[in-house]
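These notes are about the structure you will find just below.
Values in this text are rule-based calculations from the coordinates and carry no lab data. The structure displayed is predicted, hence computed values, not measured ones. Here the Cβ positions follow ideal geometry from the backbone for every residue, glycine too, while neighbour counts run over all protein chains shown.
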């Protein structure tokens, strides 16, 4: 296996990922911060607490989850490793031959699609980004935006190679082309495989978030629905799940919530639902106090969005399904026998990952700890000896002064020698040791691009009073593209539903029970939801009393995708239009 | 022993000892006769490279030197971050508590100066234009550094686009991943040149040395000044 450095150099030379990725990520990080500032001030602390509690009580929560899932008739399965995970899914699939798969990082981790195809099963990646990278064949480069590394012209080429007739590379056209292929597959398929964002122990509900509607199709159309997820994904109760949801989409994509937030309960009549919890090294991480808190991770990808090394080297350089800072910590822990020992070196330890992590994982500290582990296990004799000599010098100030002076002398006199040992293309010279000071330089030139100092977005005060809450709901719903007509004229293909509640800060509506049925929702041309003003709550975390006991669905704007250059295309699976009447 | 000491970190002594002198000059102008702690290291290079026990050996000497002073001023953002955030954690139990108490005596140069009672008496004046590099590890001190630079009359400070992005140094990272490090550095230098300024100031000399090395290689006309140097040259 090649090293991270070799892969990164190859990527940088061949693809120059920064040109595509950096501008997108800069905007995304700013949008995420602004979106988080709209939520409750303590959202991140509560999300961190919910996840920390889950990790501290993991086995107890699993025992409870097993009982509550059983009560709902959902199969509970556990797989110790990747092979067992694949075998379990295969056994559950039985005679199913056509399988619609949506995004699941654990699926990537265990190589599910590849393994099922090798067994002769026809698996389609139904997420638009996954569909594209599946055709490209090099795998996802980001955990929430798999095709981030591909520009629209490349995507058009990739789709054209598989026979698509595309007159141009408009993201709307490209996205709809994939949607139509996926939609056709769903009309005749035997099973769906999805991931899960969290599983609620107290109620046995499975929470899945998505934008496109392919998960909505998967959980409602085929007879069999299999969820594959990590062992750590359980949380105690609805409040904990809502605390996670409150930071997940904002941190991941700068959205208030994703278009669909599913709370999946018992399967519909004639349907079967199973969940496979995959360990694959997680128990080992759990038992390791230095890294246990890593299992808090909610896979939002905020750390890679903010990571300058990820942006420069691109996600494919990591050589694992998990990239960026989370990947550089997770991969060596999940695959200690693998060749990921150099990934913790893929960081300047600038600390941005820790700052943006919504559940408070000290990723940079963990990277430093893993470097220690790697040095102990695989550090070269020369490197160890050098650091021991360094430490010996710095335990005697006199010796350290001499060493420092020697270093300075060396730099001054052998700078040319050092420069000849630089890798070709490295522009750096030895820094100036006796800086010259030319007063004319202080004059400067005219600015081409300076910025007003960036300020952290101010946390907004919660809306106070009924009228303010309703006004905020209307404003945010309109932002999400929801129509808010004073009077609704009946149209063909309308589906009329009553919301159980609505969320002001995100402009979302909550559907429960029969109203949450996905089939009619996906078939409608326009969804018209009636919201009672007194049921509008300020934040997602206030939704708990309205969630009911069964199936529930939070809609935040119409279905959409941003899988091509992060440009939003509305109306993927399901209605393009969502209207709200008060 | 004077109650206040100036820590001149190992790499400052090696790369640009004059920056230690500039820091001492500013402290003298504030009326502080400071002792100098040199020949020590906070341990960061070894710690970040994966050698914490070697970092502990080096850091122990630094903390030992701190026992004799009430305040130790650190004119380097990343050394300060190491002492504050990582060093005490290298010991367990009671020794860790002792290390944490000693680490608590360290204060960043910008924070120390900005909170000094005699600061108001200083006449700071320097005509010119500078760009400001916000180093990642100096972020806790950023407001203080900017306030100090704002006190220098005649100085126009230009902020960088994307100033919260790392310059690509990262200690051993710059050696182990030279290609990525150089690419990040070039991105940062492009933002620096876009400001039109030809002098770059930062509270962290390690970033500056990296950017200085890059500017020389890329033929960019740029001087890199530490915060201490700016203040020292702004003194009458």
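Laid out as a table, the results:
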{"read-out": "Region A:316-418: C-alpha gyration tensor shape, a/c 1.5 cut-off, then a/b vs b/c", "value": "prolate"}
{"read-out": "Computed E for residue A:489/residue A:122 - FRET, C-beta separation, R0 56 angstrom, nearest 0.05", "value": "0.80"}
{"read-out": "CD proxy at 222 nm, helix term only [per DSSP H run n ≥ 4: -39500 (n - 2.57); per residue of chain B; nearest 500]", "value": "-14000 deg cm²/dmol"}
{"read-out": "B:61, A:157 arranged by Cβ crowding within 10 Å, fewest neighbours leading", "value": "A:157, B:61"}
{"read-out": "Gain on full stretching of the segment that runs from residue A:517 to residue A:381 - 0.36 nm per residue minus C-alpha separation", "value": "42.6 nm"}
{"read-out": "Region A:238-277 and region A:1-49: distance between their alpha carbon centers, rounded to Å", "value": "23"}
{"read-out": "Order of A:165, B:164 under a 10 Å beta carbon neighbour criterion, fewest first", "value": "A:165, B:164"}
{"read-out": "Two-site FRET efficiency, residue A:239 against residue A:287, from Cβ-Cβ distance with R₀ of 35 Å, rounded to 0.05", "value": "0.80"}
{"read-out": "MRE, 222 nm, helices only [DSSP H, n ≥ 4, -39500 (n - 2.57), over chain A, to nearest 500]", "value": "-13000 deg cm²/dmol"}
{"read-out": "Region A:185-255: C-alpha gyration tensor shape, a/c 1.5 cut-off, then a/b vs b/c", "value": "oblate"}
{"read-out": "Relative contact order, percent, chain A [alpha-carbon distance under 8 Å, six or more residues apart]", "value": "20"}
{"read-out": "Percentage, to the nearest whole number, of Cα pairs in region A:243-308 over 18 Å apart", "value": "61"}
{"read-out": "For region A:451-512 and region A:107-152, distance of Cα centres in Å", "value": "34"}
{"read-out": "Mean-position separation - Cα centroids, region B:81-135 and region B:14-59, in angstrom", "value": "11"}
{"read-out": "Label zone at residue A:498, where the point sits 7 Å out along the Cα-to-Cβ direction: region A:517-538 residues whose backbone N lies under 17 Å", "value": "A:517, A:528-536"}
{"read-out": "For q = 0.07, 0.10, 0.12 Å⁻¹, Debye-computed log10 I/I(0) when each Cα of chain A counts as one equal scatterer", "value": "-0.46, -0.88, -1.23"}
{"read-out": "Gyration tensor verdict on chain B (Cα atoms; rounded if a/c is under 1.5, prolate if a/b is larger than b/c, oblate otherwise)", "value": "oblate"}
{"read-out": "Label-point separation in nm, residue A:41 to residue A:138, each point 7 Å along Cα→Cβ", "value": "4.6"}
{"read-out": "Packing-based exposure ordering (other Cβ within 10 Å, fewest first) of A:233, A:534", "value": "A:534, A:233"}
{"read-out": "Label-zone membership for region B:1-36, site residue A:415, 7 angstrom Cα→C-beta point, backbone N under 19 Å", "value": "B:11-20"}
{"read-out": "Förster radius 60 Å - calculated FRET efficiency between residue A:388 and residue A:479 (Cβ-Cβ, nearest 0.05)", "value": "0.50"}
